[in-house]
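Scroll down for the structure; my scribbles are underneath it.
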Ligand code: G3H
Ligand code: ZN
């Protein structure tokens, strides 16, 4: 069933566990994420990034409709989240397409400009019932969110949340986007300091590159929303590569099915891990 993201994250906060938020690129991703969540018996967040919208010809409607239909038919709670939104026009399309939350990403801006843009976006979103996540950890502006070495300062984070009124905060604590090996080392003392300083749930981005044990420790230290994208693509593409290896395949269904099953198994693994951390 389709539920608001705020409800799913609040459940994780109450339980002291983590909720998985997985990136949707194709309809197979949405189907696999929900199948994996049903297998694990856990709620899940389907997130569509601005990047994925760009892939679909800059149209949000087709992939949003697919994700929404898959979510609505699920036996576990599923929410729709719009991820890494830098374009204001995309934020403003969220409500009409069934998204209950948006990660408004002004992290590449300076602290002052990030606060100004995010405060405005959060006010707009809250007036329409959206749950707003944003990111602080690119102070000074660097290329690529959560570049290695960048860290979110707890004092800045507390001031930032108070100023912007966001509902959840993505922080830089050692993870990095698009890693295909699981070798990132997190700063657990910083996670605990951020948890103590910040009154809203913390979000970990770039979680594909974080080893299982590090993810469990991060949840125990206070991470509540765990964003995972690349790990699904590693699983999907690996299965597809094997499925077309003989060079004669024409019908895409067998290898897409294999790719979808590989993603579902990956999702179930992460969700069991996060629930039991
Ligand atoms: O917002 C999306 C996530 O941060 C996914 O990052 O692809 O490195 O797992 P990842
Ligand atoms: Zn991210």
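Figures for the structure shown
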quantity	calculated
Degrees, to the nearest 10: 188-197 long Cα axis against longest axis of the chain	60 degrees
Descending semi-axes in Å of the chain, equivalent ellipsoid built from Cα gyration tensor	29, 21, 18
Computed FRET value (nearest 0.05) for residue 265 with residue 55, which takes r as the C-beta separation and R₀ as 35 Å	0.90
Computed FRET value (nearest 0.05) for residue 241 with residue 89, which takes r as the C-beta separation and R₀ as 30 Å	0.25
Packing-based order for 92-100, 260-268, using average beta carbon neighbours within 10 Å, highest first	260-268, 92-100
Global size of region 181-277 as Cα Rg and Dmax, reported in angstrom	16.9, 57
Convex hull volume per residue for region 87-132, taking Cα atoms only, in Å³	58 Å³
Burial order of peptide ranges 244-251, 106-113 (average beta-carbon count within 10 Å, highest first)	106-113, 244-251
Kirkwood Rh in Å, taken over all unlike Cα pairs in region 171-231	11.3 Å
Global size of region 60-191 as Cα Rg and Dmax, reported in angstrom	15.7, 44
Degrees separating the helix 111-127 axis from the principal Cα axis of the chain, which is the longest one	70 degrees
Cβ-derived FRET efficiency at R0 30 Å, residue 216 paired with residue 7, nearest 0.05	0.80
Taking region 159-277 and dividing mean pair separation by its residue count, relative contact order in percent (alpha carbons under 8 Å, at least six apart)	23 percent
Cα principal axis extents for region 1-52, largest first, Å	32, 26, 17
Separation of alpha-carbon centers, region 18-77 and region 186-247, rounded to whole Å	17 Å
Degrees between helix 154-164 axis and first principal axis of the chain (Cα, 0 to 90, nearest 10)	90 degrees
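Just so you know, all these numbers are worked out from the coordinates, no wet-lab data involved. What you see is a predicted model, and the numbers here were worked out from it, not measured in a lab. Virtual Cβ from ideal backbone geometry, glycine too; neighbours counted across all protein chains shown.
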